[in-house]
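The values are calculated or read from the model by the stated rules, or taken from the named source; none is laboratory data. Just so we're clear, the structure is a prediction, and the values are computed from it rather than from any experiment. Don't worry about glycine lacking a Cβ; one is built from the backbone with ideal geometry, like all the others, and counts go over all protein chains shown.
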Amino acid sequence: MYEAFYGFRVKPFALSPQEEFLFMSRQHRMALELLVYGLQNQAMFSVVTGDIGTGKTTLMRHLFCGRGPSNAVAMITGTLGTFTELLQWILSEFNVDYQGLDKRGLQQALVQQLKWVNARNKRIILVIDEAQLLAQEALEELRLFSNINAGGTMLLQTVLVGQLQLRDTLRRKDMRPLAQRVGVDYVLAPLDQEQTHAYIRHRLGFAGGSREDLFTADACDAIFAAARGIPRIINLFCDTALVYGYADQKATIDAATVKEMFRDKARDGGWLFQRPRPPRRSQVPDVASVSDAAPAKDRAGPGSEPGLAA
């Protein structure tokens, strides 16, 4: 809709993970370096956690996609099922026929596949996204299975990626045997205010727009205050603001455009990812009411609470 008007070759703020758009904030760069270090040093488990929409999946795709033939990577989105079902998913990723195999047969088939891959000098990595959904029993069995090795070489390295609940699970006393095998543990924090400005400019420039300053500084501040630095929510707000700007044929997305968008959404009951709030009787909701931001003296502070659904 607005791409031609603003000169974009692609949408700059899509909600789906796009590794080519990855913005390397300090925390994303640190997570990447720690993961690479852990994999190179044969860490049995690496764990990356973060709030919803902080860019965990995008980071994983950036790390493992297009890395050449030296990696044999199985990327799985978390399953609520048993360890047996997890084995089936892994074998499917390696294109191994598992039909008719019981649990022991699945384990033997995977061991043989891991040995076959390892004999060809490839690094075998299992990435489980949304790992907070895994049952504790499945995590424990995965730990036991991961003890396999060949001549002192780790046959399977696992990267667990998930929401913050995953860390709570791994901190349980009965999960200590797995937690002690975690070589890398990093929490991916949201962007701060300065990073949010840079993030918006980065995506505008990458999308092919002729103006990285299409969003004014005040507009970026308003978006940061409402999104709390969560990249996916920043994308949602920026994408919608561009539709508003296009509808009014605005050459620049300013704070007035963003505030109009927030007022409209507040009037309709807020964004769907937010907890509903009772309407104010004699005042049109402002940006703060949309974002559950901090008190007026610190509207744009990183501690603001937008009422995100869990």
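Quick notes on this one:
- Of note, Thr257 satisfies the criterion of being assigned to a helix (DSSP H, G or I), in contact with a Phe, Trp or Tyr (Cβ under 6 Å, 6 or more places away or on another chain), touching a residue at least 12 places away in the same chain (Cβ under 8 Å) and farther than 23 Å from Ile52 by Cα.
- The residue pairs whose first member lies in the stretch 69-93 and is assigned by TED's automatic domain parsing to the domain that holds Val161 and more than 18 Å from Val161 (Cα to Cα), whose second member is acidic (Asp, Glu) and outside any helix (DSSP H, G or I), and whose beta carbons are closer than 9 Å, counting only pairs six or more residues apart or on different chains, are Thr84/Asp102; Leu91/Asp97.
- The requirement of being touching a Cys at 6+ places or on another chain (Cβ under 7 Å) and either outside the structural domain of Arg167 (by TED's automatic domain parsing) or polar (S, T, N, Q) (or both) is fulfilled somewhere in the stretch 18-35, by at least one residue.
- Any helices (runs of 4 or more DSSP H) falling wholly within the stretch 83-176 and containing at least 1 residues that are among the polar types (S, T, N, Q), over 26 Å from the mean Cα position of the chain (by Cα) and under 25 Å from Thr49 (Cα atoms): 83-93
- No other residue among Arg176, Arg181, Arg120 is surrounded by fewer than 18 Cβ atoms within 10 Å (Cβ to Cβ), of a type outside the set (S, T, N, Q), touching a Phe, Trp or Tyr at 6+ places or on another chain (Cβ under 7 Å) and farther than 21 Å from Thr77 by Cα apart from Arg181.
- Cβ-Cβ distances below 6 Å connect the following pairs, each with a first residue in the stretch 154-182 that is more than 24 Å from Gln42 (Cβ to Cβ), a second residue that is hydroxyl-bearing (Ser, Thr, Tyr) and modelled with pLDDT of 95 or more, and a separation of six or more residues or different chains: Leu164/Thr49.
- Counted residues, the stretch 214-249 - those being surrounded by 15 or more Cβ atoms within 10 Å (Cβ to Cβ) and of a type in the set (Asp, Glu): 2
- Checked across the stretch 34-48, the condition of being in contact with an Asp or Glu (Cβ under 9 Å, 6 or more places away or on another chain), touching a residue at least 24 places away in the same chain (Cβ under 8 Å) and in a helix (DSSP H, G or I) holds for at least one residue.
- Number of residues in the stretch 195-221 that are within 15 Å of Phe237 (Cβ to Cβ), among the polar types (S, T, N, Q) and either at pLDDT below 90 or part of a helix (DSSP H, G or I) (or both): the value is 1.
- Applying a threshold of 6 Å to beta carbon distances and a minimum spacing of six or more residues, or different chains, the list of pairs starting in the stretch 15-33 at a residue that is under 17 Å from Arg232 (Cβ atoms) and ending at one that is of a type in the set (Gly, Ala, Ser) reads Gln27/Ala189.
- Complete set of residues in the stretch 23-71 that are more than 18 Å from Val187 (Cβ to Cβ), within 19 Å of the chain's Cα centre (by Cα) and basic (Lys, Arg): Arg61
- Only one of the listed residues (Ala119, Ala135) is under 23 Å from Tyr186 (Cα atoms), of a type in the set (A, V, I, L, M) and assigned by TED's automatic domain parsing to the domain that holds Arg176. That residue is Ala135.
- Summed over the stretch 1-28, the residues that are assigned to a loop (DSSP other than H, G, I, E, B) and under 23 Å from Glu194 (Cβ atoms) give a count of 7.
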